[in-house]
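S.K.: Following this message is one structure expressed as structure tokens.
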Amino acid sequence: MIFIAGATGFVGRHLLEALKDSGRQVRCLVRSPGKEDAVRALGFDTVPGEITDAEALRTGLHGVETVVHLVGIIEEKKGATFQNVHVDGTETLVREARGAGVRHFFYQSALGADADSPFAYLRTKGEAEAIVVDSGLPYTLFKPSLIVGPQDGFTERMKQLLTAGPVVPVPGDGKARFQPLYIGDWVRCFQQCLKTEAPRNATFEFGGPEQLTYNEILRELMAMLDIDKPIVHMPMGLTRLSLPFMGVVQSLAAAMGREIPAVTGELLSLLSVDNICELDSVERAFGFAPMRFSDALRKFLP
Ligand SMILES: NC(=O)c1ccc[n+]([C@@H]2O[C@H](COP(=O)([O-])OP(=O)(O)OC[C@H]3O[C@@H](n4cnc5c(N)ncnc54)[C@H](OP(=O)(O)O)[C@@H]3O)[C@@H](O)[C@H]2O)c1
């Protein structure tokens, strides 16, 4: 039996699709009421609860051999802090997994995660990694760069940004590099690690076959979506200063039925630092060549 936490998110949904015909038994932690049906429709079991809910986890982990921990947040919202979700949540899940005699703990962290990082998202992910590594449970750690595919959070946000106004604002110079990885390739990597004969206690830092700047990603998306608007670079300091104002604009837009992508200081920071690794990381670790960004976009954009 596999227990998946975070199955209702972008990565989790694609993972469930891939597991649907595998004959494996899967149980998912579902924290948002209303999301159980989609999981059950695929033939999987659900347990309601939060990642910090020890009792729900204990129930969910009964008879489980493999835990897949995909829970993560990119912005803090009321009650859900990076510390609470990433660190306390991982601590609780690891503790309950140990108690349940789990034999393989898979954790998805992120490229650049480090307990010493100045960015709270990456720091708490780094702290969560240490909890998994020190747990005594056989583990697999994934540290991917940006993952893209149908309904991924990044592309959805970018689509809103590209269509929201007459110009496309870019915080800073847009020169930070990313290594986008297609979700189908991520699933292939994951499936290899799920095999019983795969080595345990392994950490994989990986990404797609190109290092693209934010500007290049933006241009590629604009070309693919046939959007032709001026790109306006805004000094990072100015963008930060306007964040409280942006919150007001967002609420007003929401009241008028329009959506403007949320921007937080943390998101801005993450857009200004390189998020890259070896170009052949997937080929070396998993033995296949991942898809280029433009080919990935062609697969899932209209
Ligand atoms: N997507 C990327 O580009 C990328 C790159 C590197 C690393 N990662 C990491 O990979 C993981 C999955 O990413 P994703 O893109 O699939 O994220 P996502 O779409 O935001 O999904 C996050 C999942 O975590 C669940 N969740 C959030 N807070 C929770 C809580 N307190 N208790 C229980 N469940 C909770 C969400 O449940 P609801 O559906 O109810 O909200 C959802 O199932 C995350 O840890 C992320 O940090 C993602």
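S.K.: LYS77 to ARG58: extension gain in nm, 0.36 nm per residue of separation minus the Cα-Cα distance?
M.R.: Roughly 4.2 nm would be gained on extension.
S.K.: Shifting gears a bit: How much net charge surrounds PHE293 when only the other residues with a Cβ under 9 Å from the Cβ of PHE293 are counted, with Lys and Arg +1 and Asp and Glu -1?
M.R.: Result for the local shell: -3.
S.K.: If the only charges are +1 at each Lys and Arg Cβ and -1 at each Asp and Glu Cβ, what is the size of the charge dipole of region 24-70 around the Cα centre, to the nearest 20 debye?
M.R.: Numbers: 6 positive and 7 negative charges, 26 e Å.
The calculated dipole for region 24-70 is roughly 120 debye.
S.K.: Counting each DSSP H run of 4 or more residues in the chain as -39500 (n - 2.57), what helix-only mean residue ellipticity at 222 nm follows after dividing by all residues, to the nearest 500 deg cm²/dmol?
M.R.: Values: 13 runs with 124 residues, N = 302.
That comes out to -12000 deg cm²/dmol.
S.K.: Antiparallel versus total DSSP beta bridges in the chain: what percent is that, nearest 5? Let's see the in-between values first.
M.R.: Details: 3 of 35 bridges.
That works out to approximately 10 percent antiparallel.
S.K.: Quick one: work out the % antiparallel among DSSP beta bridges in region 2-144, nearest 5. Walk me through the intermediate numbers first.
M.R.: On the way: 1 of 21 bridges.
Antiparallel bridges: around 5 percent, rounded to the nearest 5.
S.K.: Sticking with this one: Treat the chain as a sphere of radius equal to its Kirkwood radius over Cα pairs and apply Stokes-Einstein at 25 °C in a medium of 0.890 mPa s; give the translational diffusion coefficient in µm²/s, rounded to a whole number.
M.R.: 121 µm²/s
S.K.: In units of 2.2 N^0.38 Å, what is the alpha-carbon radius of gyration of region 2-144?
M.R.: Here the answer is 0.98, to two decimals.
S.K.: Please state the relative contact order of region 2-144 as a whole percent: Cα pairs under 8 Å, 6+ residues apart?
M.R.: Averaging sequence separation for qualifying contacts and normalising by length gives 21 percent for region 2-144.
S.K.: If you don't mind, another one. Just grab the label-to-label distance for VAL167 and ARG40, each label 7 Å out from Cα along the Cβ direction, in nm (one decimal).
M.R.: Reported label-point gap for VAL167 and ARG40 is 5.1 nm.
S.K.: Go ahead and run the numbers for FRET between ASN215 and ARG188, Cβ-Cβ distance against an R0 of 35 Å, rounding to 0.05.
M.R.: Numbers: r = 29 Å, r/R0 = 0.83.
In this case the efficiency is close to 0.75.
S.K.: Still on this structure, I have one more. Given Cα pairs under 8 Å that are at least 6 residues apart, what percent is the relative contact order of the chain?
M.R.: Numbers: 538 pairs, mean separation 50.5, N = 302.
About 17 percent, as a whole number.
S.K.: For helix 243-255, report the angle its Cα long axis makes with the longest principal axis of the Cα atoms of the chain; keep it between 0 and 90° and round to the nearest 10°.
M.R.: 80 degrees
S.K.: Another question about this same structure. To the nearest 20 Debye, how big is the dipole of the chain about its Cα centre, given +1 on the beta carbon of each Lys and Arg and -1 on that of each Asp and Glu?
M.R.: So the dipole magnitude of the chain works out to roughly 420 debye.
S.K.: Rank LEU19, THR8, GLY63 by how far each Cα sits towards the positive end of the charge dipole of region 1-64 (+1 on Lys, Arg Cβ; -1 on Asp, Glu Cβ) and give me just the farthest.
M.R.: Value: LEU19.
S.K.: Give me the net charge of ARG98's neighbourhood, meaning all other residues with Cβ under 13 Å from the Cβ of ARG98; Lys, Arg count +1, Asp, Glu -1.
M.R.: So the surrounding residues net to 0.
S.K.: Rank SER117, LEU146, LEU162 by how far each Cα sits towards the positive end of the charge dipole of region 109-183 (+1 on Lys, Arg Cβ; -1 on Asp, Glu Cβ) and give me just the farthest.
M.R.: Of the listed residues, the answer is LEU162.
S.K.: Projecting each Cα onto the charge dipole of region 2-144 (Lys/Arg +1, Asp/Glu -1 at the beta carbon, about the Cα centre), which of GLY43, GLY79, GLY101 comes out farthest on the positive side?
M.R.: In region 2-144, that residue is GLY43.
S.K.: Taking the Cα centre of region 2-144 as the origin, how large is its charge dipole in debye, to the nearest 20, when only Lys and Arg (+1) and Asp and Glu (-1) carry charge on their Cβ atoms?
M.R.: 300 debye
Only the coordinates and a few stated rules stand behind these numbers; no lab work does. The model shown is predicted, which means the values in this text are computed figures rather than measured ones. Because the Cβ atoms are built from the backbone with ideal geometry, glycine has one as well, and the counts that use them run over all protein chains shown.
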